[in-house]
1. Any idea which residue in segment 63-93 is farthest from R2 (Cα to Cα), counting only those that are in a strand (DSSP E or B) and among the charged types (D, E, K, R)?
2. Just need a number here: residues in segment 18-54 that are more than 24 Å from Y77 (Cα to Cα), of a type in the set (A, V, I, L, M) and touching a residue at least 12 places away in the same chain (Cβ under 8 Å).
3. When residues of segment 13-49 are filtered for being of a type in the set (A, V, I, L, M, F, W, C), surrounded by fewer than 17 Cβ atoms within 10 Å (Cβ to Cβ) and over 24 Å from D80 (Cβ atoms), how many remain?
4. Test of understanding: among Y98, Y71, Y77, Y6, which residue is free of Cβ contacts under 8 Å to residues at least 24 places away in the same chain, hydroxyl-bearing (S, T, Y) and surrounded by 11 or more Cβ atoms within 10 Å (Cβ to Cβ)?
5. Can you work out which of the residues in segment 61-77 that are in contact with a strand residue (DSSP E or B) (Cβ under 6 Å, 6 or more places away or on another chain) and of a type in the set (D, E, K, R) is farthest from A46 (Cα to Cα)?
6. Considering segment 39-62 alone, what residues qualify as being of a type in the set (A, V, I, L, M, F, W, C), touching a Ser or Thr at 6+ places or on another chain (Cβ under 9 Å) and part of a loop (DSSP other than H, G, I, E, B)?
Amino acid sequence: MRQLHYTDDANRNLVEIAVYIATESSSRDVAVGFAERLRAKCRQLASLPATLGTARPELREDIRSAPCHGYVIFFRYRADDVLEIVNILHGSRDIDSYFDEN
């Protein structure tokens, strides 16, 4: 199994998602549960031996993505047997612009 690593941006994305869901649902439990489902998908990506996700060379050469409950998990495989979660963004966002800005 690959090690799983989250960038600071990905951790920030998870916090922002949880805050948004908690605000919209008025439930901390709903927000925590949703964030955990996103993290579970990340763990699943790291646990499987194959190369997963969709290559996203239009964003960056090494970026791949996988959908999860209306969000998109952006990640890359590092040479040191690590799956690195780069960002987690809502699927309706302008993804190209986000990556151009960052």
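Since every read-out is calculated from the coordinates, none of them should be taken as a lab result. Bear in mind that the values here come from a model prediction, so they are computed numbers and not experimental data. Virtual Cβ from ideal backbone geometry, glycine too; neighbours counted across all protein chains shown.
1. Restricting attention to segment 63-93, the residues satisfying the condition of being in a strand (DSSP E or B) are 64-68, 71-78, 82-90.
Now drop any that are not among the charged types (D, E, K, R), which leaves 64, 76, 78, 84.
Numbers: R64: 16, R76: 12, R78: 10, E84: 10 Å.
Filtering first and then ranking leaves R64.
2. Filtering segment 18-54 down to residues more than 24 Å from Y77 (Cα to Cα) leaves 18-34.
Among the residues that remain, those that are also of a type in the set (A, V, I, L, M) are: 18-19, 21-22, 30-32.
Filter once more, keeping what is touching a residue at least 12 places away in the same chain (Cβ under 8 Å): 18-19, 21, 31-32.
The total comes to 5.
3. Applying the first criterion (of a type in the set (A, V, I, L, M, F, W, C)) to segment 13-49 yields 14-15, 17-19, 21-22, 30-32, 34-35, 38, 40, 42, 45-46, 48.
Pick out the ones that are also surrounded by fewer than 17 Cβ atoms within 10 Å (Cβ to Cβ) and you get 15, 19, 30, 32, 40, 48.
From what is left, the residues that are over 24 Å from D80 (Cβ atoms) are 15, 19, 30, 32.
Summing the residues that are of a type in the set (A, V, I, L, M, F, W, C), surrounded by fewer than 17 Cβ atoms within 10 Å (Cβ to Cβ) and over 24 Å from D80 (Cβ atoms) in segment 13-49 gives 4.
4. On the way: Y71 fails: free of Cβ contacts under 8 Å to residues at least 24 places away in the same chain; Y77 fails: free of Cβ contacts under 8 Å to residues at least 24 places away in the same chain; Y6 fails: free of Cβ contacts under 8 Å to residues at least 24 places away in the same chain.
Result of the check over Y98, Y71, Y77, Y6: Y98.
5. It comes out as D62.
6. So in segment 39-62, the residues of a type in the set (A, V, I, L, M, F, W, C) come out as 40, 42, 45-46, 48, 50, 52, 55, 59.
From what is left, the residues that are touching a Ser or Thr at 6+ places or on another chain (Cβ under 9 Å) are 55, 59.
L59 - this is the single residue of segment 39-62 that is of a type in the set (A, V, I, L, M, F, W, C), touching a Ser or Thr at 6+ places or on another chain (Cβ under 9 Å) and part of a loop (DSSP other than H, G, I, E, B).
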